[in-house]
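Okay, here's the structure, questions in a sec.
Read-outs throughout are calculated quantities, based only on the coordinates presented, and are distinct from any laboratory measurement. No experiment lies behind these values; they were computed from the predicted model shown. Every residue, glycine among them, receives a Cβ derived from its backbone with ideal geometry; neighbour counts consider all protein chains shown.
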Amino acid sequence: MPHISASLLAANYACLGQEVRRAERAGADSFHFDMMDGHYVPNLALAPDHLTALRPHTRLPFHVHLELSNPDEVLDKFQPMQADLIIVCRDTLPAPSRTLARIRALGMRAGLSLNPDEPLDAARDYLSEIDLLLILGVFPGFGGQLMQPGTLEKITQARQALRSLSLGVPIAVDGGVNPQTAPGLVKAGADILIIGTALFRASRISRAVAQFKALAST
Ligand code: DX5
Ligand code: ZN
């Protein structure tokens, strides 16, 4: 059964506390916070203060996706009491091993994300140093985009690479996940579906979560 991480980028910002409770009741497994700087991506979104404000509203884990140019400079804004996983973009890291080790030293789990135009090879050297590999299905910056071609193949490759190294690192897919794309992604080896639009803009979020949860891997 895939883990469903609800991406708050698509939630109603006028009532985020209610949105978090609504998604938890519907069966989501974690929350995904995209933090954007208007520099690495052409958009601004979410901040550590959102973690603080929303932490009392749910017991589910918070996953932070740093879509910003200088992750090394902001890591100390995060605490394990708030976020249990920090995901950094491979192409923002001058020294990936150092950043990943720092996240873990701060008491959190470390994830690495690859943009649609980055090959799996960009992450290969770090597979034994991460707790999650995130394959972006869209160029980061906005929700509601269509999934880029090649996403499925990259997940298949990642699954094979992790298997051949006997690593149990979960694979997450983020961006463009919807009822049409999800079945193939799960079959290809995605363990975690990060979903914004197709959850928060669904007519019934509980039905949407149940549909995604019913997908089986091969
Ligand atoms: C894109 C973000 C995604 C986004 C996915 O920059 O990393 O987490 O919220 O949104 P949907 O599910 O709408 O494609
Ligand atoms: Zn994200």
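So which residue, out of Glu118, Glu129, Glu73, gets the largest mean-square fluctuation from a GNM of the chain using Cα contacts under 10 Å as springs?
Glu73
Within 12 Å, Cβ to Cβ, of Asp91, how many net charges do the neighbouring residues add up to if Lys/Arg are +1 and Asp/Glu are -1?
Around Asp91, the charge tally is -2.
In a Gaussian network model over the chain where Cα atoms closer than 10 Å are linked, find which of Ser166, Ser97, Ser69 has the largest mean-square fluctuation.
Ser166
Still on this structure: Based on DSSP, what percent of beta bridges with both residues in the range 16-73 are antiparallel, to the nearest 5?
Of the beta bridges lying entirely in the range 16-73, close to 25 percent run antiparallel.
I'd like the antiparallel share, as a percent to the nearest 5, of DSSP beta bridges with both residues in the chain.
5
Then there is this: Below 8 Å, C-alpha to C-alpha, sequence gap of six or more: please give me the relative contact order for the range 1-145 in percent.
Over the range 1-145, the number comes to 19 percent.
Within the chain, what's the longest stretch lacking trypsin sites (Lys or Arg not before Pro) that sit in DSSP loops with no more than 15 other Cβ atoms inside 10 Å?
60-200
Putting +1 on Lys and Arg Cβ atoms and -1 on Asp and Glu Cβ atoms, find which of Phe139, Thr58, Pro149 reaches farthest to the positive end of the dipole of the chain.
Looking along the dipole axis, the top candidate is Thr58.
Net charge near Thr156: determine it from the other residues with C-beta under 13 Å of the C-beta of Thr156, scoring Lys and Arg +1 and Asp and Glu -1. Walk me through the intermediate numbers first.
On the way: positive: Lys154, Arg159, Arg163, Lys187; negative: Glu153.
Value of the local net charge: +3.
Could I ask something else about it? Under the definition of Cα pairs under 8 Å and six or more residues apart, what whole-number percent is the relative contact order of the range 1-44?
46
Report the local net charge at Ala105: Lys and Arg +1, Asp and Glu -1, summed over other residues whose C-beta lies under 14 Å from its C-beta.
Around Ala105, the surrounding residues sum to 0.
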